Amino acid sequence: MSSSSHHVADLHDSLAALTADDIDAAAKRIGDVIAATPLQRSDRLSAATGANVYLKREDLQVVRSYKLRGAYNLIVQLTAAERAAGVVAASAGNHAQGVAFACRAMGIVGRIYVPTNTPKQKRDRIKVHGQEFVELIAVGTTYDAAAAAAADDVARTGATMVPPFDDVRTAAGQGTIAAEILAQLDESPDTVIVPVGGGGCIAGVATYLHERAPRATIVGVEPAGAASMTAALVAGGPVTLPEIDPFVDGAAVRRIGDVPFAALTRLGARAMSHGSLPLVFSTESKIDKGEFAMMHIDEGAICTAMLELYQNEGIIAEPAGALSVAALPSVHLAPGSTVVCLISGGNNDVSRYGEILERSLVHLGLKHYFLVDFPQEPGALRSFLDRVLGPDDDITLFEYVKRNNRETGAALVGVELGSADGLSGLLERMKVSRIQCEQLEPGSPAYRYLT
């Protein structure tokens, strides 16, 4: 047996204790602390998909995300000596709030490491929940940098680490979401869609449904810029992504946890394809045990889902919290089937809505950027406005590239179209004009300077 095979086998053994009974025990253990969040039917999403779509509102949890479940379930089981030594955690924000709440509730001192780009709203809430029991330390620009600093703290001080996903106790606590869903529905769900970051939540949910609702399909959804679980399934084990897009901060993890990976593979998950995403993996028996599917969703689509949830249902979802709803159009759903989307969190900073709207418009094909080289002659800009732009198009950005020439020459121009199908006409008018225009494509080096 290879060393990697031994590693996976050892991980399977370490997770052997995680069962539906253990998740039920966790539910009793944390029941007086967490809220039994609502399971609400969405008329809009049900009409759009032809299925009966329910939203599991973990954004209404006491710390506005499901992370309290796992954090509290772990900390409440610590020995007196471990409590006296204090706890340490690394988090992109939501797990930190759960740890902070638990520390204050149990009178335990904690140190919490977060990335420096953690939204201010989340940092403020960590302080509110932890009060004098918690020290907040910002380090690095990713969760992984914060995790490394937290691990160093534990090595130096002997405090207990409270992992956000890579621990059986954490996964068991997060799995209580599935227990609630089954208790709230009259029948077992056909499909449950779960956001995936480090993998603790889907590990717990999948474990519970595997035993208690084995015919349910489980769909894990990652942001396209941080598809670490998908990469692990392709590679046959957790791998570290060379770079990630940190925008979906609640799910932007370079490397998924060993324990979650072992949970899914122990349940029979396997890669069905090594080709392009979305990647599908399933249990050995689809009929008896349901199916697991992993997919990745573009960050722009996530932003669109966030805005639609806010405008239609009045739900303030953070980017990771909207992952499940953003995935709905890409999931094959049988008419009349029962579908549950986990709204995993609602800790979103209002100052981010400018970027959220921008990413959504780009995703919908309504926002485009161009380098426009205006002829150095009078009336060039007026000609562009009159002859190139359509009647429903607006300029949302205009900056001359050369600072020493503010009236002629090349300019960066952002255009918002009246409708996405207006792009072809705009490009054709640019082509026949005397003005040189170059479209900046999303993902190109030049485009990255805009985001």
| What's the number of the condition S383 fails, among (1) surrounded by 17 or more Cβ atoms within 10 Å (Cβ to Cβ); (2) polar (S, T, N, Q); (3) over 30 Å from P164 (Cβ atoms)? | (1)
| Pairs where the first residue, in segment 166-181, is more than 7 Å from G204 (Cα to Cα) and at pLDDT 95 or above and the second is surrounded by fewer than 24 Cβ atoms within 10 Å (Cβ to Cβ) and of a type in the set (D, E, K, R), C-beta under 7 Å, 6+ apart | A179/D24
| Among the residues of segment 149-194 satisfying the criterion of being more than 26 Å from S46 (Cβ to Cβ) and among the charged types (D, E, K, R), which is surrounded by the most Cβ atoms within 10 Å (Cβ to Cβ)? | R169
| message | Just to confirm my filter: which helices (runs of 4 or more DSSP H) fall fully inside segment 275-393 and include at least 2 residues that are modelled with pLDDT under 95 and charged (D, E, K, R)? | response | 286-289, 353-363
| task | Taking only segment 315-345 into account, find how many residues are small (G, A, S), in contact (Cβ under 8 Å) with a residue 40 or more places away in the chain and buried (at least 21 other Cβ atoms within 10 Å of the Cβ). | result | 8
| said: Looking at K431 and the list (1) at pLDDT 90 or above; (2) over 30 Å from F247 (Cα atoms), which single condition is not satisfied? | reply: (1)
| Restricting attention to segment 63-90, and to residues there that are in a loop (DSSP other than H, G, I, E, B) and out of contact with any Phe, Trp or Tyr (no Cβ under 7 Å at 6 or more places or on another chain), which single residue is farthest from P246 (Cα to Cα)? | T79
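Could you check segment 427-448 and list, in sequence order, the residues that are part of a helix (DSSP H, G or I) and either crowded, with 16+ Cβ neighbours inside 10 Å or more than 36 Å from the chain's Cα centre (by Cα) (or both)?
If we filter segment 427-448 for residues that are part of a helix (DSSP H, G or I), which is where we start, we get 427-432, 445-448.
Answer for segment 427-448, where residues must be part of a helix (DSSP H, G or I) and either crowded, with 16+ Cβ neighbours inside 10 Å or more than 36 Å from the chain's Cα centre (by Cα) (or both): E428, R429, M430, K431, V432.
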| query | Out of segment 55-105, which residues are farther than 16 Å from H129 by Cα, surrounded by fewer than 24 Cβ atoms within 10 Å (Cβ to Cβ) and over 17 Å from the mean Cα position of the chain (by Cα)? | reply | V76, Q77, L78, T79, A80, A81, E82, R83, A84, A85, G86
| query | So, in segment 396-425, of the ones that are farther than 16 Å from L364 by Cα, surrounded by 13 or more Cβ atoms within 10 Å (Cβ to Cβ) and of a type in the set (A, V, I, L, M), which residue ends up modelled with the lowest pLDDT? | reply | A410
| said: Looking for something in a helix (DSSP H, G or I) and within 18 Å of G70 (Cα to Cα) - is there at least one such residue anywhere in segment 110-121? | reply: no
| Which numbered condition trips up M1, out of (1) modelled with pLDDT of 95 or more; (2) more than 25 Å from the chain's Cα centre (by Cα); (3) not in a helix (DSSP H, G or I)? | (1)
| message | Would you confirm, using the coordinates I've provided, whether T176 is in contact with a Pro (Cβ under 8 Å, 6 or more places away or on another chain), assigned to a helix (DSSP H, G or I) and within 30 Å of L39 (Cα to Cα)? | response | no
| task | Go through the residues of segment 41-49 one by one and say whether even a single one is of a type in the set (D, E, K, R), in the same structural domain as C201 (by TED's automatic domain parsing), in contact (Cβ under 8 Å) with a residue 60 or more places away in the chain and not in a loop (DSSP other than H, G, I, E, B). | result | yes
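Rundown of residues vs (1) modelled with pLDDT of 95 or more; (2) crowded, with 19+ Cβ neighbours inside 10 Å; (3) under 18 Å from G250 (Cβ atoms); (4) in contact with an Asp or Glu (Cβ under 6 Å, 6 or more places away or on another chain), yes/no style:
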site	(1), (2), (3), (4)
G107	yes, no, no, no
G110	yes, yes, no, no
P115	no, yes, yes, no
P119	no, yes, yes, yes
A145	no, no, yes, no
| query | Which is assigned to a helix (DSSP H, G or I) and touching a strand residue (DSSP E or B) at 6+ places or on another chain (Cβ under 8 Å), of A105, A151, A145? | reply | A151
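The values are calculated or read from the model by the stated rules, or taken from the named source; none is laboratory data. Since the model is a prediction, treat every value here as computed from it, not as a measurement. Virtual Cβ from ideal backbone geometry, glycine too; neighbours counted across all protein chains shown.
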